[in-house]
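Scroll down for the structure; my scribbles are underneath it.
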Amino acid sequence: MELNLIQKVAVFALPVVYAITLHEAAHGYAARRFGDRTAELAGRISLNPLRHVDPVGTVIVPLGILLLSKLAGAGGILFGWAKPVPVNFHNLRRPKQDMLWVAAAGPGANLLMALFWTAMIKLAFAIQGSSFAMPLALMGAAGVFINAILMALNLLPVPPLDGGRIAVSLLPPRLAYGLARVEPYGLFILLALIFTGLLGVFIWPLIRAVIALCATVFGIHSIELLSLIQIVLN
């Protein structure tokens, strides 16, 4: 089975939008929980994607990757971004310690969404024969894949990615300060990892682990889940 471009966009649209926007909303919610109301006052603790969508990162980049992968006849790492939720870490009750939970909230939200989309695949298996079964299963596979990617990507220990902020929170002050100074160069480091092919080396093991975890939790054979993911990527 091979999806055309329109079908591919239809399958990925909701999973991509919510993977990106709920990731950001989770940061805002965690920041409020630990004392910073900056995101709340800006109206960014919301499940409404329109409050988080970045026209380039949430729409153009993912669509461009889908188009290029379709033209090239190969899958790839689909990613994007939303408007970053404003967080003032100085407002947190314990800035260095609480930074960990605020940063971890985004990848945590992606893990929960990956599990949700796996549940949708399980539901699709339960209604086999229905006209909704295959579209739901494919959308679920897209949801698992995009959330696994965003979780793995954001856990790289490079500021300003969430993994970098988690590392800054956990490291001793001197090392944390040194890592925090890398933040202005974080984007260039990420681009270097992409163009050298090293990004996949670092994040694919975690992506596969998340997919395996999702399959195990819902009693789905990993091969079945990977086969569905392969369909949506081809």
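The values are calculated or read from the model by the stated rules, or taken from the named source; none is laboratory data. Predicted model only: the values in this text are computed from it and were never measured. Here the Cβ is made from the backbone with ideal geometry for all residues, glycine too, and neighbour counts use every protein chain on show.
Of the residues that make up the stretch 180-195, is at least one among the basic types (Lys, Arg) and buried (at least 17 other Cβ atoms within 10 Å of the Cβ)?
Checking the stretch 180-195: not a single residue is among the basic types (Lys, Arg) and buried (at least 17 other Cβ atoms within 10 Å of the Cβ).
Tell me, which helices (runs of 4 or more DSSP H) wholly within the stretch 134-234 include 3 or more residues that are more than 24 Å from Lys83 (Cα to Cα) and under 20 Å from the mean Cα position of the chain (by Cα)?
By residue number, 198-217, 222-233.
May I ask you to verify whether Leu22 is surrounded by 16 or more Cβ atoms within 10 Å (Cβ to Cβ), on the phi < 0 side of the Ramachandran plot and touching a Leu at 6+ places or on another chain (Cβ under 9 Å)?
Judged against the criteria, Leu22 is a match.
Return the total of residues in the stretch 168-178 being closer than 11 Å to Ala104 by Cβ and of a type in the set (A, V, I, L, M, F, W, C).
1
Out of Gly106, Gly186, Gly140, report the one residue that is closer than 21 Å to Asn234 by Cβ and of a type outside the set (A, V, I, L, M, F, W, C).
Result of the check over Gly106, Gly186, Gly140: Gly140.
Only one residue in Ile146, Ile121 is touching a Gly at 6+ places or on another chain (Cβ under 8 Å) and surrounded by 23 or more Cβ atoms within 10 Å (Cβ to Cβ). Which one?
Just one listed residue meets the conditions, Ile121.
Here are some conditions: (1) touching a residue at least 12 places away in the same chain (Cβ under 8 Å); (2) within 19 Å of Gln230 (Cα to Cα). Met134 meets all but one. Which one does it not meet?
Of everything listed in (1) touching a residue at least 12 places away in the same chain (Cβ under 8 Å); (2) within 19 Å of Gln230 (Cα to Cα), Met134 misses just condition (1).
On the basis of being within 17 Å of Ala19 (Cα to Cα), among the small types (Gly, Ala, Ser), modelled with pLDDT of 95 or more and part of a helix (DSSP H, G or I), does Ala124 make the cut? Talk me through it step by step, then tell me what you get.
Details: within 17 Å of Ala19 (Cα to Cα): no; among the small types (Gly, Ala, Ser): yes; modelled with pLDDT of 95 or more: yes; part of a helix (DSSP H, G or I): yes.
For Ala124, the condition - within 17 Å of Ala19 (Cα to Cα), among the small types (Gly, Ala, Ser), modelled with pLDDT of 95 or more and part of a helix (DSSP H, G or I) - is not met.
Go through the stretch 204-234 residue by residue and tally those that are under 24 Å from Ala13 (Cβ atoms), exposed (fewer than 15 other Cβ atoms within 10 Å of the Cβ) and at pLDDT 90 or above. Steps first, answer last, please.
If we filter the stretch 204-234 for residues that are under 24 Å from Ala13 (Cβ atoms), which is where we start, we get 207, 210-211, 214-215, 218, 220, 224-234.
Pick out the ones that are also exposed (fewer than 15 other Cβ atoms within 10 Å of the Cβ) and you get 224, 227, 230, 234.
Then keep just the ones that are at pLDDT 90 or above; that gives 224, 227, 230.
Number satisfying all stated conditions: 3.
Do the conditions hold for Ala13, that is, is it without any contact (Cβ under 8 Å) to a residue 12 or more places away in the chain, surrounded by 14 or more Cβ atoms within 10 Å (Cβ to Cβ), more than 15 Å from Ala109 (Cα to Cα) and of a type in the set (A, V, I, L, M, F, W, C)? Working first, answer last.
On the way: without any contact (Cβ under 8 Å) to a residue 12 or more places away in the chain: yes; surrounded by 14 or more Cβ atoms within 10 Å (Cβ to Cβ): yes; more than 15 Å from Ala109 (Cα to Cα): yes; of a type in the set (A, V, I, L, M, F, W, C): yes.
The answer is yes for Ala13.
If you check Val158, Val201, which single one turns out to be more than 23 Å from Ala10 (Cβ to Cβ), crowded, with 16+ Cβ neighbours inside 10 Å and out of contact with any Cys (no Cβ under 9 Å at 6 or more places or on another chain)?
The match here is Val158.
Of all the residues that make up the stretch 34-54, how many are out of contact with any Pro (no Cβ under 7 Å at 6 or more places or on another chain) and under 18 Å from Pro95 (Cβ atoms)?
5
Name the one entry in Ala176, Ala167 that is of a type in the set (Gly, Ala, Ser) and in contact (Cβ under 8 Å) with a residue 60 or more places away in the chain.
After ruling out the rest, the residue left standing is Ala176.
I'd like to know if the stretch 54-62 contains one or more residues that are assigned to a loop (DSSP other than H, G, I, E, B) and not basic (Lys, Arg). Write out each step before concluding.
First, pick out the residues of the stretch 54-62 that are assigned to a loop (DSSP other than H, G, I, E, B): 54.
Next, from what is left, pick out any that are not basic (Lys, Arg): 54.
The answer is yes; a qualifying residue exists.
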